[in-house]
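J.: Just passing along the structure, written as structure tokens.
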Amino acid sequence: MGLRELKKRQTRQAIADTALRLFVERGFERVKIAEVAEAAGVSEKTVFNYFPTKEDLFFDEIDDREAALVAAIRERASDESILSALRRHQVSHCGRMCSAGFAGFARVIEESPALRAKELEVMARFTRVLTEALAREVGCSELDASIAASLLVGVHWQFFVLARKRALAGRHGPAAARRLRADLERAYELLEHGLGDLGAARVADAG
């Protein structure tokens with residue numbers, strides 16, 4: 001990476017970090033782009049050069065998250081299934097989503113209708129990208145790839161929401177991460193074995 005590209009990345013990260021701090025302190029709707037720019041020591045134009053919208057400024061890691069999803073599929077071992085690769089990828093984020101600081105991030109989203117609407121767009125984008133990646137890697141039909149992508153992104157999204165709810169309830173740390181990881185493993189078991197296993201645990205408990 002050249003010096004110029006490194007400088008741009010550092011500037012982008014500094015703007016995003018400053019924005020997140022302000023959003024956590026005051027709420028998404030109460031912070032103006034001009035205030036972010038001033039606090040970060042840049043112009044409003046510079047902020048918009050890196051982030052087309054205020055919502056993009058909050059979800060500043062979306063490009064990296066999207067690339068990581070595709071990489072998990074493309075770079076998996078030759079004997080590893082796509083489902084296993086994506087499960088391993090998502091499980092690796094459980095600790096981050098159960099950290100003490102995640103609650104602030106979660107609260108900003110839950111208090112902002114604009115960010116929850118943006119979240120819908122982000123998940124739709126992930127589904128499109130994952131559909132393309134699955135069709136390319138597996139050679140399946142677009143319909144099959146779309147159905148699989150919708151299920152996989154659905155798991156991804158529901159655990160993002162679940163992690164936020166638990167964070168706001170004060171659940172964080174190693175125990176919370178273990179619980180989230182176990183729940184996630186269960187979700188992937190349902191995907192792997194089909195929804196015929198849905199309710200199996202309840203039946204077993206009743207027996």
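J.: Which of the residues spanning region 79-136 are more than 19 Å from Leu57 (Cα to Cα), outside any helix (DSSP H, G or I) and touching a residue at least 24 places away in the same chain (Cβ under 8 Å)?
T.: Across region 79-136, the qualifying residues are Cys98, Ser99, Ala100.
J.: Name the residue, out of Ser84, Ser99, that is within 21 Å of Gln158 (Cβ to Cβ) and more than 17 Å from the chain's Cα centre (by Cα).
T.: Working: Ser99 fails: more than 17 Å from the chain's Cα centre (by Cα).
Answer to the selection: Ser84.
J.: Turning to a different aspect of this structure: Out of Asp17, Asp56, which single residue is of a type in the set (Asp, Glu), within 16 Å of the chain's Cα centre (by Cα) and at pLDDT 95 or above?
T.: Asp56
J.: State the number of residues belonging to region 31-53 that are more than 24 Å from the chain's Cα centre (by Cα) and either over 21 Å from Asp64 (Cα atoms) or touching a residue at least 40 places away in the same chain (Cβ under 8 Å) (or both).
T.: Of the residues in region 31-53, 12 are more than 24 Å from the chain's Cα centre (by Cα) and either over 21 Å from Asp64 (Cα atoms) or touching a residue at least 40 places away in the same chain (Cβ under 8 Å) (or both).
J.: Based on what the data block shows, is Ala71 in contact (Cβ under 8 Å) with a residue 12 or more places away in the chain, closer than 29 Å to Ala133 by Cβ and open to solvent by less than 30 Å² (accessible area, probe 1.4 Å)?
T.: When the stated conditions are applied, Ala71 does not pass them.
J.: Still on this structure, I have one more. Taking only region 143-190 into account, find how many residues are open to solvent by less than 50 Å² (accessible area, probe 1.4 Å), under 18 Å from Thr127 (Cβ atoms) and hydrophobic (A, V, I, L, M, F, W, C).
T.: Qualifying residue count, region 143-190: 10.
J.: Same structure again: So how many residues does region 35-61 have that are over 20 Å from Ala106 (Cβ atoms) and in a loop (DSSP other than H, G, I, E, B)?
T.: Residues flagged as over 20 Å from Ala106 (Cβ atoms) and in a loop (DSSP other than H, G, I, E, B) within region 35-61 amount to 6.
J.: Right, another one. Here are some residues: Ala72, Ala117. Which one is out of contact with any His (no Cβ under 7 Å at 6 or more places or on another chain), farther than 25 Å from His172 by Cα and aliphatic (A, V, I, L, M)?
T.: Of Ala72, Ala117, the one residue that is out of contact with any His (no Cβ under 7 Å at 6 or more places or on another chain), farther than 25 Å from His172 by Cα and aliphatic (A, V, I, L, M) is Ala117.
The values are calculated or read from the model by the stated rules, or taken from the named source; none is laboratory data. Everything numeric here is computed off the predicted structure, so don't read it as measured data. Ideal geometry is used to build each Cβ from the backbone, glycine not excepted, and the neighbour counts take in all protein chains shown. The accessibility values were calculated without ligands, DNA or RNA, using every heavy atom of the protein model including side chains. Shrake-Rupley method; radii C 1.70, N 1.55, O 1.52, S 1.80 Å.
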